[in-house]
Amino acid sequence: MDYKQLLAGLIASGLEGVEADTLRGLIEYPPNPELGDLSLPCFKLSKQLRKAPQAIAEEIASGLPEHEAFERAVAVSGYCNVTLRKSAFAAAVATEALTERERFGSQNVGQGRTVVIDFSSPNIAKPFHIGHLRSTVIGRALYNIYTFLGYNTVGINHLGDWGTQFGKQIVAYLKWGNEQQVEENGIEELQRLYVKFHEEAEKQPQLEDEARAWFVRLEKGDEEAKRLWKWFIDISFKEFDKIYKLLGVTFDSYAGESFYIDKTEPVISRLKEKGLLEEDDGAMIVRLDDYNMAPALMFKKDGGSLYHTRDVAAAVYRKQHYDFDKCIYVTDYAQNLHFQQWFKIVELMGYEWAGDLHHVAFGRVSLEGARMSTRKGNVIKLEDLLQQAIAKTRDIIEEKHPDLENKDEVAEQVGVGAIVFNDLSANRIKDIVFSWEEALNFDGETGPYVQYSYARTCSLLARAGVSAEELPSEVDGELLQEKETIDVFRQLYLFREKVELAMDKMEPSIVSRHLIDIAQSFNKFYYEHHILVDDEAVRRARLALVRCVQIALGNGLRLIGLKTPERI
Ligand code: ARG
């Protein structure tokens with residue numbers, strides 16, 4: 001049910017020369033529902049209809065055809081405010097939720113279209129840090145949202161598994177490392193060796209030459225170099241996998257940067273053909289002065305490719321391979337220039353799909369004030385962060401619900417959920433200051449709060465002894481008209497629109513924030529009204545509402561990647 005569409009259609013039938021679609025785009029939800037549930041501002045129609053806005057509003061209000069969905073229409077200061085018939089509204093939303101269930105809020109707008117999402121993409125032999133967490137969490141939410149809206153979705157982990165740093169890593173390992181320590185301490189040990197390389201190279205610059213030589217060996221396919229490089233990948237992946245398991249994230253492809261090194265030939269020839277390559281001190285660059293950007297380095301003196309080059313090659317490959325309608329890259333805003341540069345290069349190369357590339361940038365995270373950075377090994381490891389969140393949640397559960405059965409499982413679901421939700425709670429471009437107290441607050445605007453509200457719906461239904469399957473999808477709206485009740489249905493009704501808006505703006509926080517709105521309206525209803533009342537009919541109607549909230553919260557939580565424990 002789309003009330004904007006319905007109203008727009010009714011109004012258009014009485015207005016000469018104005019399209020329903022135009023009207024639909026103008027209709028808004030008044031901030032104060034006392035004024036009405038829907039409102040058409042008539043200012044933009046004034047010119048075309050050659051009448052004052054208030055005169056148009058009056059004409060529409062008095063001429064609106066009877067419809068069971070709408071109770072009345074009034075003209076106020078150039079707006080036509082329309083009030084929904086509450087009983088019909090509540091019944092319609094409830095029936096929709098109760099019949100659509102896990103599809104409630106979904107649509108088919110993406111049918112036949114493909115979206116590629118490049119997300120997470122950590123670097124081999126480097127810690128998986130909080131920036132990669134944000135990319136993972138935002139990317140996965142977008143992945144779920146696009147899929148929910150009918151798109152064919154491809155999730156790619158563009159691993160940072162290539163570059164001159166591997167020459168340094170090999171030298172450091174051969175000089176100062178040993179196999180056992182790397183096996184035992186994984187990335188931390190690789191990182192220690194890498195940092196040591198830089199310290200030592202300050203004193204002995206010839207180490208840099210050795211590193212270059214090893215990288216050339218790797219590029220040429222030397223067995224020993226390849227063996228070590230592959231081993232670094234395996235070691236790193238063991239740790240990445242632990243985090244992906246905790247987060248419950250999977251990918252459709254793990255084609256990382258190294259996958260494209262033999263696919264840069266066509267990029268070179270096309271760049272040459274278009275006269276875009278320029279020699280600069282032996283290296284090859286593309287000048288972007290005309291677009292107010294620094295030049296992009298495409299090939300090194302020895303012909304080796306760079307981050308930019310591999311991104312261009314990857315985009316060309318993905319277009320051929322997946323024929324995407326959109327290809328999205330999720331990284332922090334520190335990479336804005338990188339993406340602007342190579343998107344422009346793809347455009348200059350004459351690819352007509354250049355406009356389908358999108359950089360979804362997000363802000364930085366700091367923990368209790370301290371910026372996290374990978375350099376010098378000064379980082380909070382993400383696995384530690386998640387484990388800490390789980391441990392803290394475990395303590396809270398122990399204190400509040402010591403008799404809960406599966407405490408460990410729930411602590412993991414809620415602890416991880418708190419971190420994930422925290423990452424999705426504000427506009428993605430905003431920097432985040434992480435605070436434990438806020439993230440784990442069961443009453444604040446947090447993941448645990450939404451999960452807890454979901455669990456409340458589960459325990460209410462369990463206490464009532466009704467299984468979800470038993471509830472009929474026909475609901476008596478006459479019994480669901482209290483203000484708090486209608487407020488819940490308003491939020492439930494908006495769910496579908498919010499999911500679509502989150503997709504349009506590539507902004508999963510729209511869904512997270514809406515989940516807070518649903519949970520808050522539901523909790524208000526819960527405190528104001530008894531649910532398990534004696535009157536059988538009222539009790540059934542209220543339980544139906546509880547079930548609808550359960551459906552919407554469940555769908556929303558799953559979209560943003562949170563688990564839905566039934567008891568907390
Ligand atoms: N590995 C990069 C980093 O950690 C992110 C890669 C993003 N994706 C891409 N196609 N450039 O910063």
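The values are calculated or read from the model by the stated rules, or taken from the named source; none is laboratory data. Note that this is a predicted model, so its numbers are computed, not measured. Note: ideal-geometry Cβ built from the backbone for every residue, glycine included; neighbour counts use all protein chains shown. Just so you know, the surface numbers come from the protein's heavy atoms only, side chains and all, with ligands and any DNA or RNA stripped out. Shrake-Rupley method; radii C 1.70, N 1.55, O 1.52, S 1.80 Å.
Of note:
- Residue list for the range 317-336, restricted to those being away from the ligand (no atom under 11 Å from the Cβ) and open to solvent by 20 Å² or more (accessible area, probe 1.4 Å): Tyr317, Lys319, Gln320, His321, Tyr322, Asp323, Asp325, Lys326, Tyr333, Asn336
- Yes/no for Val346 being open to solvent by less than 20 Å² (accessible area, probe 1.4 Å) and within 12 Å of the ligand (Cβ to nearest atom): no
- In the range 18-43, the residues that are on the phi > 0 side of the Ramachandran plot reach residues that are among the charged types (D, E, K, R) and open to solvent by 80 Å² or more (accessible area, probe 1.4 Å) with C-beta atoms within less than 9 angstrom, at least six apart or across chains, in these pairs: Gly36/Arg72.
- Among the residues making up the range 211-269, a single one is touching a Lys or Arg at 6+ places or on another chain (Cβ under 9 Å), modelled with pLDDT under 95 and outside any helix (DSSP H, G or I): Thr264.
- The range 158-207: number of residues that are crowded, with 22+ Cβ neighbours inside 10 Å and either among the small types (Gly, Ala, Ser) or in a loop (DSSP other than H, G, I, E, B) (or both): 6
- Per the listing Val410, Val488, the residue uniquely more than 30 Å from Pro33 (Cα to Cα), at pLDDT 95 or above and buried (at least 20 other Cβ atoms within 10 Å of the Cβ) is Val410.
- Within the range 300-316, the residues that satisfy the criterion of being within 12 Å of the ligand (Cβ to nearest atom) and outside any loop (DSSP other than H, G, I, E, B) are Tyr307, His308, Thr309, Arg310, Asp311, Val312, Ala313, Ala314, Ala315.
- Test: residue in the range 123-135 that is open to solvent by 10 Å² or more (accessible area, probe 1.4 Å), in contact (Cβ under 8 Å) with a residue 12 or more places away in the chain and over 29 Å from the mean Cα position of the chain (by Cα): no
- Every residue from the range 106-121 that is open to solvent by less than 40 Å² (accessible area, probe 1.4 Å) and either part of a loop (DSSP other than H, G, I, E, B) or within 10 Å of the ligand (Cβ to nearest atom) (or both): Ser106, Gly110, Asp118, Phe119, Ser120, Ser121
- Pairs, first assigned to a helix (DSSP H, G or I) in the range 320-331, second within 15 Å of the ligand (Cβ to nearest atom), C-beta under 8 Å, six or more apart: Tyr322/Val116; Tyr322/Val154
- Selection within the range 274-299 - open to solvent by less than 30 Å² (accessible area, probe 1.4 Å) and either of a type in the set (Val, Ile, Thr) or more than 16 Å from the ligand (Cβ to nearest atom) (or both): Ala283, Ile285, Val286, Leu288, Met293, Phe299
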